[in-house]
Amino acid sequence: MAEENGISFIVSDRSFEKFGMALILGTTGDAMDVKMNFFFTFWGLHLLKRKFKPKSAGMFTGMKGMGGMMFRKKLGKFGMEDPWAMIKDAVENGNMKLYPCQMTMDLMNIKREEMWDYVEDPIGAAGFLELSANSKIVSL
Amino acid sequence: MADLVLNTLGKKCPMPVLMTKKELKKMSSGQTLELITDDRGALKDVPALVNKIGDKILETKEAGEQITFMIQKA
């Protein structure tokens, strides 16, 4: 069902930075009672995997993994100890929905079972556009 | 005196907003919440949250790094 005046975000990158943007906008939107769809496609699909640790895209080559861990630690000090628990809350409140893209899952051989169980069932391009009929669409 | 006090010193965006919403959710109509923060972004973020969800900011005080909001649940 298309939501009135919601926001739909497209996430196509697996960096820590994009993850951070989805985390902060998603949880804040939940606090403000905004309905949001997050459509994960291409490399962004990795962010939905339980075992995936995002690396920093902006850090120097060779330092990207460490950069991701460093950011994570610092965000913990800012009060975000468990980012995925925060996202789970926003999903359970019904304001944040996480949709994996079926075609790119097949393309990249990423399985639904690798993802968190509060991720919605995969959808396609038409499904995402239908969901977003009354929403702003933003590519992160 | 507020009915409840929420201290978010040291916490950065979006935590003061998320913690405020969580607290307001538990409160009953007419009750007040004193929010203490040192996140400069909260000066705009907390009013944005409170306006969006229909509650009210009764008072905002700044003293050095510290910002204090008095919020009333609608």
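The values are calculated or read from the model by the stated rules, or taken from the named source; none is laboratory data. Quick caveat: nothing in here was measured; it's all calculated off a predicted structure. Counting neighbours? That spans all protein chains shown, and the Cβs are built from the backbone with ideal geometry, glycine included.
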Given the conditions (1) modelled with pLDDT under 95; (2) over 26 Å from B:N51 (Cβ atoms), every one holds for A:K51 apart from (1)
Subset of the range A:10-34, residues more than 10 Å from chain B (Cβ to nearest Cβ), within 17 Å of A:W84 (Cβ to Cβ) and among the hydrophobic types (A, V, I, L, M, F, W, C), comes to A:V11, A:F16, A:F19, A:M21, A:A22
Practice problem: Test A:F40 against the criterion of being farther than 30 Å from B:D38 by Cβ, aromatic (F, W, Y), at pLDDT 95 or above and under 12 Å from the mean Cα position of the chain (by Cα), and give yes or no. | Solution: yes
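Quick grid of which residues meet (1) buried (at least 22 other Cβ atoms within 10 Å of the Cβ); (2) of a type in the set (G, A, S); (3) at positive phi; (4) in contact with a helix residue (DSSP H, G or I) (Cβ under 7 Å, 6 or more places away or on another chain):
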residue	(1), (2), (3), (4)
A:F19	yes, no, no, yes
A:L25	no, no, no, no
A:G29	no, yes, no, no
A:D33	no, no, yes, yes
A:R50	no, no, no, yes
A:M59	no, no, no, yes
A:G62	no, yes, yes, no
Just one listed residue, out of B:D38, B:D55, is more than 18 Å from A:D33 (Cα to Cα) and within 14 Å of another protein chain (Cβ to nearest Cβ), and it is B:D38
The range A:59-137: helices (runs of 4 or more DSSP H) wholly inside it with 2 or more residues that are out of contact with any Pro (no Cβ under 6 Å at 6 or more places or on another chain), closer than 30 Å to B:M15 by Cα and within 14 Å of another protein chain (Cβ to nearest Cβ) are A:64-77, A:83-92
* Test B:K61 against the stated conditions and say whether it is more than 10 Å from the chain's Cα centre (by Cα) and within 11 Å of chain A (Cβ to nearest Cβ). => no
The condition from (1) touching a helix residue (DSSP H, G or I) at 6+ places or on another chain (Cβ under 7 Å); (2) farther than 12 Å from A:C101 by Cα; (3) of a type in the set (G, A, S) that A:S12 misses is numbered (2)
Residues of the range A:64-73 being more than 12 Å from A:K18 (Cα to Cα) and surrounded by 14 or more Cβ atoms within 10 Å (Cβ to Cβ), in sequence order, are A:K64, A:G65, A:G67, A:M69, A:M70, A:F71, A:R72
So for the range B:64-71 (the condition being over 24 Å from A:K77 (Cα atoms) and more than 14 Å from every other protein chain (Cβ to nearest Cβ)), does at least one residue qualify? yes
